[in-house]
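One structure is given below, encoded as structure tokens.
Every read-out reported here was derived from the displayed coordinates using simple, explicitly stated rules and does not represent laboratory data. Every value quoted in this text rests on a predicted model; they were computed, and no experiment measured them. Here the Cβ is made from the backbone with ideal geometry for all residues, glycine too, and neighbour counts use every protein chain on show.
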Amino acid sequence: MKRNTLIKLLIVCMFCLLVIPMIASCGTKYTITFDPNGGTLDEADMTLEMGEDEELPRLPKPKRNTKIYKFLGWFEDGDEDEEVEEGDRVRGDMELVALWEIKVPTVTVEFNPGEGALESEETFVEVPQGERLSEVLKGLPKASLDGYKLEGWYLPDGTTKIGLTTIFDADTILVAKWDQIILCKDGTENHNYNAWVDKTLKATCTEPKIRSHVCSLCGYEEEDEVEPAKGHQYGDWVNGQMERTHVCGVCDKSESQKFVNVTKNEGFFEKIELVSGEGSMWAMPAISTLVDGTFEVYATQGGGCSPKSSEVRIELTLKEAQWVDVVCITSNSYNPTGATFQIMLTYEADADGNVKESDPVLRESSFGKDMLPDGSFTYKTSQFDVSARIKKVTLIVPMGNDGQDFIGEIALGCVPSSDNK
Ligand SMILES: [Zn+2]
Ligand SMILES: [Zn+2]
């Protein structure tokens, strides 16, 4: 063989070895698909076209609530052992699934289909505690049972239906509720229904609003709940001395609230009274931490958003006259701009225990503006020019200042001197 021929042959071989595979591979395109798996990804980042053996570029980062989730990376087919990163070579179509770590405590929500069967293999989900089910599920699991339709998923009590917005605080096993499928004469589900008729015109506290329609062929009556049973329809509050009551006009259920809620130092306290105005007083959960050693009682302006009284006056009476350092008022997050409060002290005026009233001290600050960190206003008793044991604290809440009425709950308390002086 001539030397020239050999070189030509070598060139041809090199061409075959190097160039032909390149041409061939240039023609093969693969699709990389990204599944953010609960997170979100820009539409443009959802797929990537790549050639055989090409190196993956920088991969997109999906978004998700960072308080709850940490992004772990992209994994082929969601397999924890198959992480895929920038620089990895493309060998074929790839389905990359984002995996996440939940950084907060979770609860297990299990779906128990009873006699039926779940469509998916997953029987439970881990939900971040205190978050909605929709945080981890796009839809509720489907399930089937011969001759029945899945009506919904219920809490173990069997009466509370859950949805994607339900929040779970503890591990829960949900149960499936099934509706029997009633067949028509011809053995199919194709009934020939007449028009809907309201069976229950109005939902009440005991009955939901239901409509029904009847099949003209087989007489089957299908019901449909249009509106669930509502809360009780209570009448006006009837105030007693220490509690108030209202009665449901539909089912006669009555509900009472105690006027007084003494949360601390009960021993110092005799009574709390609404002495004037149309407010009401009742037990409320403690709003916030008043200073230790306070009496906490709550009152509210009655009549919702249309207060009628020109003034609400609340009296806190101590069992025995005490040395008091500070008087507190706390509001429950309402912001009646321009509202003013006055505090008046009733104190022992002489050694025989005769009492006298101080002049009211005005506090003009509006709620939200001039508050202590715990949400309360305080009056130091030294502001009153009273150097005596206190028998009674009176809170006066004027109403209707320039239409800026006080609406909401207020707490009144006082802090006895620790050294009783
Ligand atoms: Zn029918
Ligand atoms: Zn009722």
**Request:** List, in order, the whole-Hz ³J(HN,Hα) value for each residue of the range 146-151 obtained from phi through the Karplus relation with A = 6.51, B = -1.76, C = 1.60 and θ = phi - 60°; use x for Gly and Pro.
**Result:** 3, x, 10, 10, 6, 7
**Request:** Please tell me the relative contact order of the range 147-188 in percent, rounded to the nearest whole number, where contacts are Cα pairs under 8 Å and at least six residues apart.
**Result:** 51
**Asked** Once amide H atoms are placed 1.01 Å from N in the peptide plane, what residues at a sequence separation of 5 or more from A203, or on another chain, have their amide H within under 5 Å of its amide H?
**Response** K209
**Contour minus Cα-Cα distance for E85 and L201 (0.36 nm per residue)** = 35.6 nm
**Fill in**
Checked against a 28 Å limit on the C-alpha separation, the offending pairs among K67/K230; K149/K253; K70/K138; K177/K199; K103/K149 are K67/K230; K149/K253; K103/K149
**Item:** Two-site label geometry, N112 and V238: point separation in nm, points 7 Å out along Cα→Cβ
**Value:** 4.4
**Request:** Compute the signed sum of charges (Lys and Arg +1, Asp and Glu -1) over the other residues within less than 14 Å, Cβ to Cβ, of K161.
**Result:** -4
**Fill in**
Counting sequence-distant residues (5 or more places) and residues on other chains, those with an amide H built under 5 Å from that of W74 are V84
**Prompt:** Between E95 and residues 5 or more places away or on another chain, which pairs have amide H atoms under 5 Å apart, with H built 1.01 Å from N, and which residues are they?
**Reply:** T33, D77
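Excluding I210 itself, calculate the net charge of residues whose Cβ lies under 12 Å from the Cβ of I210, where each Lys or Arg counts +1 and each Asp or Glu counts -1. Intermediate results must be reported in sequence, preceding the final value.
Working: positive: K199, K202, K209, R211; negative: D198, E207, E221, E222, E223, D224, E225, E227.
Every neighbour counted, the sum reads -4.
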